[in-house]
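Below is one structure, written out as structure tokens; the observations come after it.
The values are calculated or read from the model by the stated rules, or taken from the named source; none is laboratory data. These figures come from a predicted structure and were not determined experimentally. Please note: Cβ atoms are built from the backbone with ideal geometry, for glycine as well, and neighbour counts cover all protein chains shown. With ligands, DNA and RNA removed, areas are computed over all heavy atoms of the protein, side chains included. Shrake-Rupley method; radii C 1.70, N 1.55, O 1.52, S 1.80 Å.
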Amino acid sequence: MNPLRRQVLPGWLPLLAAVASLAGATARAESLEAIPLHHRPAEELVPLLQPLLPPGAALTGTGDVLLLRGDAATVAEVRRALATLDRAPLQLLITVGQATGSSRQSGGVHASGTLGSGDVQVGVNRRPADAAGAEVTVRSTSTRDDIHSVSTVRALEGREVYVATGESRPVTTTTMVGDGPWHGPVVSQTTGYRDAQTGFYATPRVSGNRVTLEIAPTQQQFTGGARQPTVAKQSLQTTVSGPLGEWIEMGGVSATREGATGGLGTWGTRADLTGYSAWVKVERIP
């Protein structure tokens, strides 16, 4: 044996033994735990538990089992969190109210009469009369159309729900093909159905006495004539938070359109206002 090797090895042996002992202790301190779940799937809980893990620990899982690799303190911390998170989902009642209002106001002044001198008579906005004279008419009209809808659905906390009501109407489409020198055009008609629905998608999550909702309400109604109906649509998509049992405003939109007309002896204005708003309330079902 090399004399130098005989001299060096005895000095390194205590250090090598200490490193081996530390490695063995570290290996023994970390364990792989299979934690059964009772109410919520692993795919839903893993993102919530990840911030609790120290460097070096790992967490995964599928279905009703979590797989955790970590030391005893990490395992205990995750189990304490699961006592709160892995509970039966709350049963909730979600109510969404939507309102669409439109109003039209118009006003105008219309002047008519006969102007002339002697045997010459000129009519303005009407046929000439036997005698000169004038007439002024002032018109003012106002119309309003309101649509209100309330949709309610039972939901489980953390699960997406969808509810909608509506109607379908037939729509006929006419197409014309060909217009050559030998044959005339071929006209064909097809009839399909167009839907108008009012409802919402929602995913509720509850923390204490507050609820957070990812929600997308929509309101549709038919407009136009019966032969060629069109669908007017108002919708929004948002995330809102508020107390359980209270109405939460999700948002709204309003639009104004104005116009004016003028001419000889005629003047008028028109203003159209359309508004949409949506509210939601979430209640806990005992």
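Checked against (1) more than 17 Å from Gly158 (Cβ to Cβ); (2) modelled with pLDDT under 90, Pro36 meets all criteria but (2). Ser102 meets the stated requirement of being assigned to a strand (DSSP E or B), at pLDDT 55 or above, over 27 Å from Pro41 (Cβ atoms) and of a type in the set (S, T, N, Q).
Given Thr191, Thr218, Thr165, which one is open to solvent by less than 80 Å² (accessible area, probe 1.4 Å) and either touching a Ser or Thr at 6+ places or on another chain (Cβ under 7 Å) or modelled with pLDDT of 80 or more (or both)? Give the derivation first.
Working: Thr191 fails: open to solvent by less than 80 Å² (accessible area, probe 1.4 Å); Thr165 fails: open to solvent by less than 80 Å² (accessible area, probe 1.4 Å).
Matching residue, one of Thr191, Thr218, Thr165: Thr218.
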